[in-house]
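To keep things clear, I will list the structure first and then write my remarks on it.
The values are calculated or read from the model by the stated rules, or taken from the named source; none is laboratory data. Just so it is clear, the structure is predicted and the values come from calculations on it, not from any experiment. Virtual Cβ from ideal backbone geometry, glycine too; neighbours counted across all protein chains shown.
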Amino acid sequence: MKNLFLFVLLPCLLITAAPAAARVSVHFQSEAVVTGNRIVLADIAAIVPEAGAEAIGALPVASAPAPGGTRRVHTASVITSLRNRAEVAEVEWMGSESILVHRRGFRVDHDKMGEIIGEYLLENAHRLPRGEIRFTPLRAPEELVLPWGEINWSVTPSRPGIINSTSFSIFFTVDGAPAGNCIISGRLEVIAEVPTAVTTLHRGDLITKDNITMERQVLSRPDRPILDKEEIVGMQMTRTVNAGRVIEEVHITVPPVVKEGEMVKIHARKGSLYISTSGIARDDGGLGEQIRVRNIASNKLIHCRVDGPGMVSVEF
């Protein structure tokens, strides 16, 4: 009977003598760095032992400061906020009385904004006139601080065609989520070699190789600049342009094939019947245009189509 008692008692003694589970200690640091918008216990304290510390470390204790900012968190407030959590019932608190928390942020300064717009213009060079494209920022935020993460951006000009835009909007995302935007106002210029009047060109003058030259200038209306001298030689001025001024598309037109007061040959057709007579043009007319012509034989005014130099036709 005595031996049986010892046999039963021995396991009980062994269980009683087993060491107690290690107590969890939370050591608050004096400073910490976070990246998200909330602070958890593991951000501001070292938790030992590591086994089982994950659940305690994930407990939220405060909201994080704004990206790039700091916030001081007091240890007493943290302990008070967690006092009813079962996970920390046996925790031993120690360490700093307060923690200065820094939140990482991505700083976009004035120069970076200009660089982003420059990259956008370079990527969209195929949509712009040939020449040097220059954007001068005039008004922009000094700095924009974004949350930490994978940063991407898109640029939208104030005008769909980019040219003549007076501002650009930059939209930022962090890890795929909208994170902020800014607007940069400025002056977009196109600098290119364009035809310039050597002497004053008057309305009705024909453009020759001698009365224009190619000069590098800032274009005032760069939607469709003329960049080839040969493109406008032989064209006619629609308005007066002073010497030294850029010649634009609105200044020129195709010269008339038939001029007012010019003698023309009138070809009249009706079925297989063909008649030819002479007339005097009462209007200027380009190829295919309708003009008024006075028939010399009948002295009647008729409407004819311009077929070529000195030739018009009419159907009757």
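Miscellaneous remarks
- Selected residue (criterion: nearest to LYS112 (Cα to Cα)) from residues of the range 168-216 that are touching an Asp or Glu at 6+ places or on another chain (Cβ under 8 Å) and of a type in the set (A, V, I, L, M, F, W, C): VAL174
- Restricting LEU287, LEU227 to those that are in the same structural domain as THR199 (by TED's automatic domain parsing) and of a type outside the set (Val, Ile, Thr) reduces the list to LEU227.
- All positions within the range 276-289 that are loosely packed, with under 13 Cβ neighbours inside 10 Å and closer than 24 Å to GLY204 by Cβ: GLY288
- Those residues of the range 63-77 which are hydrophobic (A, V, I, L, M, F, W, C), crowded, with 18+ Cβ neighbours inside 10 Å and either part of a loop (DSSP other than H, G, I, E, B) or modelled with pLDDT under 95 (or both), in sequence order: ALA64
- Residue match in the range 40-61 (condition: crowded, with 17+ Cβ neighbours inside 10 Å, charged (D, E, K, R), at pLDDT 95 or above and not in a strand (DSSP E or B)): yes
- Being surrounded by fewer than 17 Cβ atoms within 10 Å (Cβ to Cβ) and either in contact (Cβ under 8 Å) with a residue 60 or more places away in the chain or out of contact with any Lys or Arg (no Cβ under 7 Å at 6 or more places or on another chain) (or both) is a property that holds for SER272.
- Qualifying strands (runs of 3 or more DSSP E) (wholly inside the range 85-176; at least 3 residues being closer than 29 Å to PRO67 by Cβ and either polar (S, T, N, Q) or in contact (Cβ under 8 Å) with a residue 60 or more places away in the chain (or both)): 98-103, 143-147, 151-157, 167-174
- Test: ARG216 is at pLDDT below 90 and either of a type in the set (Lys, Arg) or exposed (fewer than 13 other Cβ atoms within 10 Å of the Cβ) (or both): yes
Results for (1) part of a strand (DSSP E or B); (2) touching a Pro at 6+ places or on another chain (Cβ under 9 Å); (3) among the hydroxyl-bearing types (Ser, Thr, Tyr), shown as yes or no for each residue.
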{"residue": "THR199", "(1), (2), (3)": "no, no, yes"}
{"residue": "MET214", "(1), (2), (3)": "yes, yes, no"}
{"residue": "LEU227", "(1), (2), (3)": "no, yes, no"}
{"residue": "ALA243", "(1), (2), (3)": "no, no, no"}
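- Lone qualifier among THR166, THR208 - being surrounded by fewer than 18 Cβ atoms within 10 Å (Cβ to Cβ), β-branched (Val, Ile, Thr) and outside the structural domain of GLY114 (by TED's automatic domain parsing): THR208
- Selected residue [in contact with a Leu (Cβ under 9 Å, 6 or more places away or on another chain) and not assigned by TED's automatic domain parsing to the domain that holds PRO129] from THR200, THR213, THR240: THR240
- Taken as a whole, the condition of being at pLDDT 90 or above and either under 21 Å from TRP148 (Cβ atoms) or not in a strand (DSSP E or B) (or both) does not apply to ALA22.
- Meets criteria (surrounded by 15 or more Cβ atoms within 10 Å (Cβ to Cβ), in contact (Cβ under 8 Å) with a residue 12 or more places away in the chain and either outside any strand (DSSP E or B) or touching a Phe, Trp or Tyr at 6+ places or on another chain (Cβ under 6 Å) (or both)) for PRO195: no
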